[in-house]
Amino acid sequence: AQSVAQPEDQVNVAEGNPLTVKCTYSVSGNPYLFWYVQYPNRGLQFLLKYITGDNLVKGSYGFEAEFNKSQTSFHLKKPSALVSDSALYFCAVRVPGAGKSTFGDGTTLTVKP
Amino acid sequence: DTEVTQTPKHLVMGMTNKKSLKCEQHMGHRAMYWYKQKAKKPPELMFVYSYEKLSINESVPSRFSPECPNSSLLNLHLHALQPEDSALYLCASSQAAGTAEMGEQYFGPGTRLTVT
């Protein structure tokens, strides 16, 4: 079984400030973890993933995420937010052999100028 | 080329109509997916094709019928839909299939379906 939680429906930050979008997961086994972003009226775009190795993963558009096995978390971060980062963000988890990913409910990020 | 294309972009159909959604990718991916997404909700998996064979059907009603003619194409045939089927339908593909699924998914822009 695999599940993922995004505890915040909405995150608001000021432009230039650091941002964090939270994700926790529950799996039996080693997880593959993903972050996707969705802009209005668009499909999801892949940002980054953790498979194995270094716990700090760097991705597109300056985003990074840290895998924390003890806390079963995979929070998305960016040192300096841009207004253009405003979008809907989804965390996803997949267990090897499951054949599919499970998505969190999503977090709407709003970056204000 | 990392693009997944979907046609049409918008579709309005009556409850007695038959229509099809099309999806295409040329990345050599061997896993392809159909998702349904309601506004501001996560995508809900409908079907997974792995090496052109249906590997997962998430108990989708039979009024939705998937088809994978070849490794690049994925269709979703629609018949006798209900108004609650109105949603954004997303196609996705990923490089890996089977038990070694570490690949991220690439999504198309979706088809906005309205059932009247």
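Quick note: the coordinates plus some simple rules give every number you see, no bench work behind them. Computed from a predicted structure; not experimentally measured. When we count neighbours, we look across all protein chains shown, and the Cβ atoms used for this are built from the backbone with ideal geometry, even at glycine.
Taking segment A:80-102 only, how many residues are within 11 Å of chain B (Cβ to nearest Cβ), in a strand (DSSP E or B) and surrounded by fewer than 22 Cβ atoms within 10 Å (Cβ to Cβ)?
Here the count works out to 2.
Hey, does segment B:86-93 have a residue that's aromatic (F, W, Y) and either within 30 Å of A:E8 (Cα to Cα) or in a strand (DSSP E or B) (or both)? Before you say what the answer is, go through the steps one by one.
Applying the first criterion (aromatic (F, W, Y)) to segment B:86-93 yields B:89.
Narrowing the set further to residues that are either within 30 Å of A:E8 (Cα to Cα) or in a strand (DSSP E or B) (or both) leaves B:89.
Yes; the residues of segment B:86-93 include at least one that is aromatic (F, W, Y) and either within 30 Å of A:E8 (Cα to Cα) or in a strand (DSSP E or B) (or both).
Residues checked against (1) among the aliphatic types (A, V, I, L, M); (2) closer than 23 Å to A:Q38 by Cβ; (3) under 11 Å from the mean Cα position of the chain (by Cα):
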residue	(1), (2), (3)
B:K9	no, yes, no
B:K18	no, no, no
B:A39	yes, yes, no
B:K53	no, no, no
B:N70	no, no, no
B:Q95	no, yes, no
B:F107	no, yes, yes
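Scan segment A:13-20 and tell me whether some residue there is touching a His at 6+ places or on another chain (Cβ under 6 Å) and surrounded by fewer than 20 Cβ atoms within 10 Å (Cβ to Cβ). Please lay out each step first, then the result.
Step one: filter segment A:13-20 for residues touching a His at 6+ places or on another chain (Cβ under 6 Å), giving A:20.
With surrounded by fewer than 20 Cβ atoms within 10 Å (Cβ to Cβ) added as a condition, the list becomes A:20.
There is at least one residue in segment A:13-20 that is touching a His at 6+ places or on another chain (Cβ under 6 Å) and surrounded by fewer than 20 Cβ atoms within 10 Å (Cβ to Cβ).
Table: residues versus (1) over 28 Å from B:A39 (Cβ atoms); (2) in contact (Cβ under 8 Å) with a residue 12 or more places away in the chain.
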site: A:G16; (1), (2): yes, yes
site: A:K49; (1), (2): no, yes
site: A:V57; (1), (2): yes, no
site: A:S60; (1), (2): no, yes
site: A:S70; (1), (2): yes, no
site: A:A87; (1), (2): no, yes
site: A:T110; (1), (2): no, yes
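Within segment B:27-58, can you find the residues that are assigned to a loop (DSSP other than H, G, I, E, B) and either more than 13 Å from every other protein chain (Cβ to nearest Cβ) or under 22 Å from B:M102 (Cβ atoms) (or both)?
B:M27, B:G28, B:H29, B:R30, B:P42, B:P43, B:Y51, B:E52, B:E58
Of the residues that make up segment A:24-37, is at least one touching a Ser or Thr at 6+ places or on another chain (Cβ under 7 Å), more than 11 Å from chain B (Cβ to nearest Cβ), over 27 Å from B:L88 (Cβ atoms) and in a strand (DSSP E or B)?
Within segment A:24-37 (the criterion being touching a Ser or Thr at 6+ places or on another chain (Cβ under 7 Å), more than 11 Å from chain B (Cβ to nearest Cβ), over 27 Å from B:L88 (Cβ atoms) and in a strand (DSSP E or B)), the answer is yes, since at least one residue qualifies.
Could you tell me whether segment B:5-22 includes any residue that is crowded, with 19+ Cβ neighbours inside 10 Å and either of a type in the set (K, R) or farther than 20 Å from A:S101 by Cα (or both)?
So in segment B:5-22, the residues crowded, with 19+ Cβ neighbours inside 10 Å come out as B:6, B:21.
Still in the running and either of a type in the set (K, R) or farther than 20 Å from A:S101 by Cα (or both): B:6, B:21.
Yes: segment B:5-22 contains one or more residues that are crowded, with 19+ Cβ neighbours inside 10 Å and either of a type in the set (K, R) or farther than 20 Å from A:S101 by Cα (or both).
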